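Chemist: Following this message is one structure expressed as structure tokens.
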Amino acid sequence: MPIAPGSTIGILGGGQLGRMLALAASALGYRTHIFCPDPDSPAFQVTANRTIAPYGDEIALKTFAQSVSVVTYEFENVPAETAALLERLVPTRPGAKALAVAQDRFTEKEFVRVAGATTVRYATVSSATDIAAAVAATGLPAILKSRRLGYDGKGQRQIERAEEVEPAWLELGAGDCILEGWAPFVAEVSVILARASDGAVATYDVPQNTHEGGILRRSVVPATVGGATAATAVDIALRIAAALDYVGVLAVEMFVLGDGTVLVNEIAPRVHNSGHWTIDACVTSQFEQHIRAVCDLPLGSTERHSDAEMINLIGHEIDRWPNLMGDPTAKLHLYGKTEAREGRKMGHVTRVRRRQT
Ligand code: AMP
């Protein structure tokens, strides 16, 4: 049974993704209730119902669950106990399995390999004695990453020489890490797809992504990688979605090597920054699509009517808003954040032109 317009959708997390989900839900006639510990959350500006409480507050979570017809989330680091508690009370989509896989870079790589995808070489580093074997397994150069709670390049150190691993591991807090072999990629792409509870899927055209300092700078569609590579990428992402028995929008970030090999970098069980262009270039945006999937509505058309380039506005780049606002080629999206801290995503700008291919 679909969850009908007029119902309330619960969203965990109050950042820009929660905000854009709430806006899309609103356009379909839904109400939203946003749960976030930060009173200054940008998503609170666009919802009538909010709970300001820690994710571990059981009483607040129960009250929240009673007030909504379905729960979804805008970030993958929802604590496992929070997801488990909510799942017992109300449909929670995607489910705890997708969260568990995406929260740990090692579990994630093991999972995607079993699902039939290829990754860079990797090995865990949980103590200084693991380092020599890990370097032997991955080769150099490599990247040391915290297994949990890293995002936008945080919790990562590039490694050129074996003796750099131990200081890097200490700098990252001497906890559970993963050493990844360096992927000599010629392009980065991502697959954004939606999967419904009956297994129906809808995929978007594959964007090509550029990162700077671990943060997404730019996504462009169509990608310059060929159609065959894009098709391989989509096929890999569909296998992962099926293996997760996934419901909602899923993003899979990938590296494309010179010989066309596609390696999975990471998965995001949520709407994704590299899918923001879908708002302006597709019949159904990734945000609307996610709302449709979690409410058991038919998935919308992912048809792309325009070519698009999306550029993130990071930190003080937001100060350019008057120029961008006056630029007839720019579609500006601002997230309503008050403080422009370094590395913080403040908004994005999309430029579209009539589809060429
Ligand atoms: P991540 O947080 O793992 O998505 O990493 C952020 C960005 O760092 C990626 O999009 C790549 O541009 C780069 N990166 C991460 N891991 C690797 C790797 N194993 N090889 C090459 N580049 C990487």
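Chemist: Just to be sure before I move on: is residue 197 touching a residue at least 60 places away in the same chain (Cβ under 8 Å), assigned to a loop (DSSP other than H, G, I, E, B) and more than 30 Å from residue 161 (Cβ to Cβ) in the structure I sent?
Modeler: So residue 197 passes the test.
Chemist: Oh, and also: Any idea which of (1) part of a strand (DSSP E or B); (2) touching a helix residue (DSSP H, G or I) at 6+ places or on another chain (Cβ under 6 Å) is the one residue 165 doesn't satisfy?
Modeler: Every condition holds for residue 165 apart from (1).
Chemist: Filter segment 124-155 for residues that are assigned to a loop (DSSP other than H, G, I, E, B) and away from the ligand (no atom under 13 Å from the Cβ); which is surrounded by the most Cβ atoms within 10 Å (Cβ to Cβ)?
Modeler: Selected residue: 126.
Chemist: Could you identify the single residue in 187, 168, 241, 237 that is in contact with a Lys or Arg (Cβ under 7 Å, 6 or more places away or on another chain), of a type in the set (A, V, I, L, M) and within 16 Å of the ligand (Cβ to nearest atom)? Before you say what the answer is, go through the steps one by one.
Modeler: Working: 187 fails: in contact with a Lys or Arg (Cβ under 7 Å, 6 or more places away or on another chain); 241 fails: within 16 Å of the ligand (Cβ to nearest atom); 237 fails: in contact with a Lys or Arg (Cβ under 7 Å, 6 or more places away or on another chain).
Matching residue, one of 187, 168, 241, 237: 168.
Chemist: Can I ask one more? When you check residue 192 against the structure, is it aliphatic (A, V, I, L, M), closer than 19 Å to residue 277 by Cα, in the same structural domain as residue 282 (by TED's automatic domain parsing) and near the ligand (Cβ under 10 Å from one of its atoms), yes or no?
Modeler: no
Chemist: Specify which of the listed residues (139, 155, 213, 199) is in contact with a Lys or Arg (Cβ under 9 Å, 6 or more places away or on another chain) and closer than 29 Å to residue 271 by Cβ.
Modeler: None of the others qualify; the one that does is 155.
Chemist: In segment 103-126, which residues are more than 23 Å from residue 78 (Cα to Cα) and without any contact (Cβ under 8 Å) to a residue 24 or more places away in the chain?
Modeler: Of everything in segment 103-126, just one residue is more than 23 Å from residue 78 (Cα to Cα) and without any contact (Cβ under 8 Å) to a residue 24 or more places away in the chain, namely 113.
Chemist: Any chance you could count how many residues in segment 55-76 are touching a helix residue (DSSP H, G or I) at 6+ places or on another chain (Cβ under 8 Å) and surrounded by fewer than 16 Cβ atoms within 10 Å (Cβ to Cβ)?
Modeler: Within segment 55-76, residues that are touching a helix residue (DSSP H, G or I) at 6+ places or on another chain (Cβ under 8 Å) and surrounded by fewer than 16 Cβ atoms within 10 Å (Cβ to Cβ) number 4.
Chemist: Then there's this: Being touching a strand residue (DSSP E or B) at 6+ places or on another chain (Cβ under 6 Å), among the basic types (Lys, Arg) and modelled with pLDDT of 95 or more: is that true of residue 304 here?
Modeler: Values: touching a strand residue (DSSP E or B) at 6+ places or on another chain (Cβ under 6 Å): yes; among the basic types (Lys, Arg): yes; modelled with pLDDT of 95 or more: yes.
Taking the combined requirement at face value, the residue satisfies it.
Chemist: Condition test on residue 212, is it within 12 Å of the ligand (Cβ to nearest atom) and out of contact with any strand residue (DSSP E or B) (no Cβ under 7 Å at 6 or more places or on another chain)? Let's see the steps before the verdict.
Modeler: Working: within 12 Å of the ligand (Cβ to nearest atom): yes; out of contact with any strand residue (DSSP E or B) (no Cβ under 7 Å at 6 or more places or on another chain): yes.
So residue 212 fits the description; yes.
Chemist: A further question on this structure: Taking residue 138 as the residue in question, decide whether it is at pLDDT 95 or above, more than 30 Å from residue 340 (Cβ to Cβ), in contact with a Phe, Trp or Tyr (Cβ under 8 Å, 6 or more places away or on another chain) and not aliphatic (A, V, I, L, M).
Modeler: Working: at pLDDT 95 or above: yes; more than 30 Å from residue 340 (Cβ to Cβ): yes; in contact with a Phe, Trp or Tyr (Cβ under 8 Å, 6 or more places away or on another chain): yes; not aliphatic (A, V, I, L, M): yes.
Yes, satisfied.
Chemist: Might you check whether a residue that is among the acidic types (Asp, Glu), within 17 Å of the chain's Cα centre (by Cα) and either surrounded by fewer than 20 Cβ atoms within 10 Å (Cβ to Cβ) or not in a helix (DSSP H, G or I) (or both) occurs anywhere in segment 98-121? Can you show your working first?
Modeler: Here is the first cut: in segment 98-121, the residues among the acidic types (Asp, Glu) are 104, 108, 110.
Filter once more, keeping what is within 17 Å of the chain's Cα centre (by Cα): 104, 108.
Of the ones still in play, those that are also either surrounded by fewer than 20 Cβ atoms within 10 Å (Cβ to Cβ) or not in a helix (DSSP H, G or I) (or both) are 104.
So far as segment 98-121 goes, yes, one or more of its residues are among the acidic types (Asp, Glu), within 17 Å of the chain's Cα centre (by Cα) and either surrounded by fewer than 20 Cβ atoms within 10 Å (Cβ to Cβ) or not in a helix (DSSP H, G or I) (or both).
The values are calculated or read from the model by the stated rules, or taken from the named source; none is laboratory data. None of these values were measured; they are calculated from a predicted model. FYI the Cβ positions are ideal-geometry reconstructions off the backbone, even for glycines, and counts take in every protein chain you see.
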